[in-house]
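The values are calculated or read from the model by the stated rules, or taken from the named source; none is laboratory data. Just so it is clear, the structure is predicted and the values come from calculations on it, not from any experiment. Cβ: placed from backbone, ideal geometry, glycine included. Neighbour counts: every protein chain shown.
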Amino acid sequence: MSQCLSSRNIDHVVLERGEVGNSWNNDRWDSLTLLTPNWATQLPGYDYKGDDPDGYMTTHEVGRYFQDYARVINAPVQTETNVTSVCSQNDQYRIETSAGEYTANTVVLASGICNLAAVPPFAEELPASIVQMNTRDYRNPEQLPKGGVLVVGASASGLQLADEIHKSGRPVTLSVGEHVRLPRTYRGHDIYYWLDKIGRLDVRYDELTDDELRRGRGLPSPQLAGTQQHATLNLNELTAQGVKLVGRISAIRGHELLFSGGLKNLCNLADLKMKRLAKTIDEWIIENNEDAIVSDLNYVPTRVDNDPALSLDLKNGDIRSVVWATGFRPDYSWLNVDVLDRKGKLTHDGGIVTSPGLYAMGLSLMRRQKSTFIYGATEDAMDVSAHLAVYLGQTTPTEMER
Amino acid sequence: MADTVDNGVNVEALLDAREALTGNPGAAAFTWRANCKWVNGVHSESSVEGFRGLGEEQSHKREFKFNADHPELFAAEDNGATPVEYVLVGLASCLTAGVASVAQNREIQLNSVEAVLEGSMDVQGILGADEDVRNGFDGIKVSFNIDADADADDIEALVAQSQKRSAVYDILSNPTNITVETTKQ
């Protein structure tokens, strides 16, 4: 966004609570890598230049990438500046920070959607004898006591954590809710190669029905990990190691955790959706005469016991800690403008927030399916900055690109 | 294709209702009711007529009655289905309604939908013969047999989506708080 604003000669400042790439460097677990391959890590005028386009950057490499980019484009970044309040004042916005106040005609909210761990409210009912941790605090298995661990959540974070915690010698039980199953590679390429090819990542928010948009924006991250081996990480891989699966956690009653009996159906839903995607890719390959190896999905339905446990007794000592891998949510506690809906979500139309002059970046399916990917920011920033320029009276609406 | 698919479900009306009820907790708060009267022995008669929804009292077109009893091998008169069989009926009809609705929404013509349900139970639980045996079903098996103009995966997806949106499936697969009050006449 800063690059797009600079190219339009729009005077701006980028406020950063820490250093550039702060969340990537400080707020993620040690083994995390991007789920997207390196070729998808590009920003306006700054492509991936390394020698491993199919590899996956570590969080520190991502942090460094952003620092380099900030230098290359000469971004006017004000580091160590924590925004404590944004409110409207006359037709402008007043921004209070740990390093003074600003007034601006427009504000772009680019603070991310993974600021806080979204932990279910009943987490606080866990007995004090059980260590609990969320994906914001978790760094590595050594933080957890020896003994059994319940990992709650089966999207990318839940599966990655279950995998490394179980391998650390702490037997894992994984509570599985709704999830998206994807193979890491398909027919000789990374799955994102195909999602890009078939146009899935370019799907625009305004091409979707309200229903599809709502569903798409609420989807959990797919079951993927970025390893050097390009290995697929799915529930079958975990159960083969000895991880136990239970249904979605539904309640804590005293020392007992209760799980849904609907595990099999959620796994079946994810299996069917993955098969449908593979079929879509196959059809695309035929239609476009793409040269690809034959289907190598090695599809095995998710194996679920006939009678997975419906409850876990915390008194018997089998479970010593609980890791909540139940997703993240944005922190808008500093945003004192009336732009949140009843669920605390930002009300916006493709990043154009309902309060004039207020914009957003990096929201889930904000303008395109790829809006939350690093390279997805490019087109979004061009669109949003074009609208912003019109708002500032720099250009006439006819110049605006759709 | 879209015009010819008719499973008798008014999906438009359901989608309109969802639109109207989204973010409208007052109207969306429904209360379903049943009244039950002991007849004799383990025979009871329940009735269903009124319910609350859309912010006011509502009513079925007429009152429906349900006799529940137990078979003769339980030394009863068998005037109706057992209560646990009513649970299976509830699950079956809920999932079947869901299959029809999802099929209509996905423009899949159904030709026939049949389901067989089996709830397995060790009756030592309800008889108090073994404290370690639970009273309820230890599992429920549902087998759908569906003839529809779609391939096997799409038909399976209908049933999967129906489970995802089913009230009775949720009631049976997740815990529900139950409050029972008693007054003396």
Subset of region B:140-185 [in contact (Cβ under 8 Å) with a residue 24 or more places away in the chain, facing chain A (nearest Cβ under 9 Å), over 13 Å from B:GLY98 (Cα atoms) and not acidic (Asp, Glu)]: B:ILE140, B:LEU172
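Out of all the residues in region B:65-84, is one or more touching a residue at least 12 places away in the same chain (Cβ under 8 Å), among the polar types (S, T, N, Q) and touching a Leu at 6+ places or on another chain (Cβ under 7 Å)? Break it down stepwise before answering.
From region B:65-84, those touching a residue at least 12 places away in the same chain (Cβ under 8 Å) are B:65-70, B:74, B:76-77, B:79-84; that's our starting set.
Adding the requirement that they be among the polar types (S, T, N, Q) leaves B:67, B:79, B:82.
Narrowing the set further to residues that are touching a Leu at 6+ places or on another chain (Cβ under 7 Å) leaves none.
No.
Give A:ASN38, A:ASN9 a once-over and let me know the one that is of a type outside the set (Lys, Arg) and surrounded by 15 or more Cβ atoms within 10 Å (Cβ to Cβ). Can you show your working first?
Numbers: A:ASN9 fails: surrounded by 15 or more Cβ atoms within 10 Å (Cβ to Cβ).
Of the residues listed, the single one that is of a type outside the set (Lys, Arg) and surrounded by 15 or more Cβ atoms within 10 Å (Cβ to Cβ) is A:ASN38.
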Conditions (1) more than 27 Å from B:ASN111 (Cα to Cα); (2) within 14 Å of another protein chain (Cβ to nearest Cβ); (3) of a type in the set (D, E, K, R); number of the one not met by B:LYS65: (2)
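For every residue, the table says whether it meets (1) over 26 Å from A:ALA117 (Cα atoms); (2) at pLDDT below 95.
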{"site": "A:HIS12", "(1), (2)": "yes, no"}
{"site": "A:VAL20", "(1), (2)": "no, no"}
{"site": "A:PRO44", "(1), (2)": "yes, yes"}
{"site": "A:TYR56", "(1), (2)": "no, no"}
{"site": "A:GLN67", "(1), (2)": "no, no"}
{"site": "A:ALA70", "(1), (2)": "yes, no"}
{"site": "A:THR81", "(1), (2)": "no, no"}
Qualifying residue in region B:7-24 (condition: over 24 Å from A:ARG214 (Cβ atoms), over 18 Å from the mean Cα position of the chain (by Cα) and either of a type in the set (D, E, K, R) or part of a loop (DSSP other than H, G, I, E, B) (or both)): yes
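Test A:VAL323 against the criterion of being hydrophobic (A, V, I, L, M, F, W, C) and either under 30 Å from A:SER98 (Cβ atoms) or modelled with pLDDT under 95 (or both), and give yes or no.
Working: hydrophobic (A, V, I, L, M, F, W, C): yes; either under 30 Å from A:SER98 (Cβ atoms) or modelled with pLDDT under 95 (or both): no.
When the stated conditions are applied, A:VAL323 does not pass them.
Does B:VAL133 satisfy the criteria of being without any contact (Cβ under 8 Å) to a residue 12 or more places away in the chain and within 24 Å of the chain's Cα centre (by Cα)?
On the way: without any contact (Cβ under 8 Å) to a residue 12 or more places away in the chain: yes; within 24 Å of the chain's Cα centre (by Cα): no.
Here the answer is no, as B:VAL133 does not meet what is asked.
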Enumeration of residues in region A:208-258 that are within 14 Å of another protein chain (Cβ to nearest Cβ), hydroxyl-bearing (Ser, Thr, Tyr) and surrounded by 13 or more Cβ atoms within 10 Å (Cβ to Cβ): A:SER250
Breaking point among (1) without any contact (Cβ under 8 Å) to a residue 40 or more places away in the chain; (2) under 29 Å from A:LEU277 (Cβ atoms); (3) away from chain A (no Cβ under 14 Å); (4) touching a helix residue (DSSP H, G or I) at 6+ places or on another chain (Cβ under 7 Å), for B:GLN104: (1)
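Does region A:147-170 hold any residues that are of a type in the set (Gly, Ala, Ser), in a loop (DSSP other than H, G, I, E, B) and at negative phi, and which are they? Give the steps one after another, and end with the answer.
So the first thing to find is which residues in region A:147-170 are of a type in the set (Gly, Ala, Ser), and the list is A:147-148, A:153-158, A:162, A:168-169.
Retained after the next criterion (residues that are in a loop (DSSP other than H, G, I, E, B)): A:147, A:153-155, A:168-169.
Residues satisfying the conditions are A:ALA154, A:SER155, A:SER168.
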Residue that is farthest from A:TRP29 (Cα to Cα), among those in region A:116-134 that are part of a loop (DSSP other than H, G, I, E, B) and either touching a Pro at 6+ places or on another chain (Cβ under 6 Å) or not small (Gly, Ala, Ser) (or both): A:PRO127
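Out of the strands (runs of 3 or more DSSP E) lying entirely within region A:300-402, which hold 2 or more residues that are closer than 30 Å to A:LEU238 by Cβ and in the same structural domain as A:GLU178 (by TED's automatic domain parsing)?
Where strands (runs of 3 or more DSSP E) fall fully within region A:300-402 and carry at least 2 residues being closer than 30 Å to A:LEU238 by Cβ and in the same structural domain as A:GLU178 (by TED's automatic domain parsing), they are A:311-313, A:319-324.
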Cross-chain or 6+ apart pairs with Cβ under 8 Å, region A:293-308 first and in contact (Cβ under 8 Å) with a residue 24 or more places away in the chain and closer than 22 Å to A:VAL246 by Cα, then surrounded by 12 or more Cβ atoms within 10 Å (Cβ to Cβ) and among the aromatic types (Phe, Trp, Tyr): A:PRO308/A:PHE259
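Any residue at all in region A:135-146 that is in the same structural domain as A:VAL20 (by TED's automatic domain parsing), in a loop (DSSP other than H, G, I, E, B), touching an Asp or Glu at 6+ places or on another chain (Cβ under 6 Å) and not charged (D, E, K, R)?
Keep residues of region A:135-146 that are in the same structural domain as A:VAL20 (by TED's automatic domain parsing), which gives none.
Checked region A:135-146: no residue is in the same structural domain as A:VAL20 (by TED's automatic domain parsing), in a loop (DSSP other than H, G, I, E, B), touching an Asp or Glu at 6+ places or on another chain (Cβ under 6 Å) and not charged (D, E, K, R).
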Boolean, B:LEU127 is of a type in the set (A, V, I, L, M), part of a helix (DSSP H, G or I), without any contact (Cβ under 8 Å) to a residue 24 or more places away in the chain and surrounded by fewer than 15 Cβ atoms within 10 Å (Cβ to Cβ): no
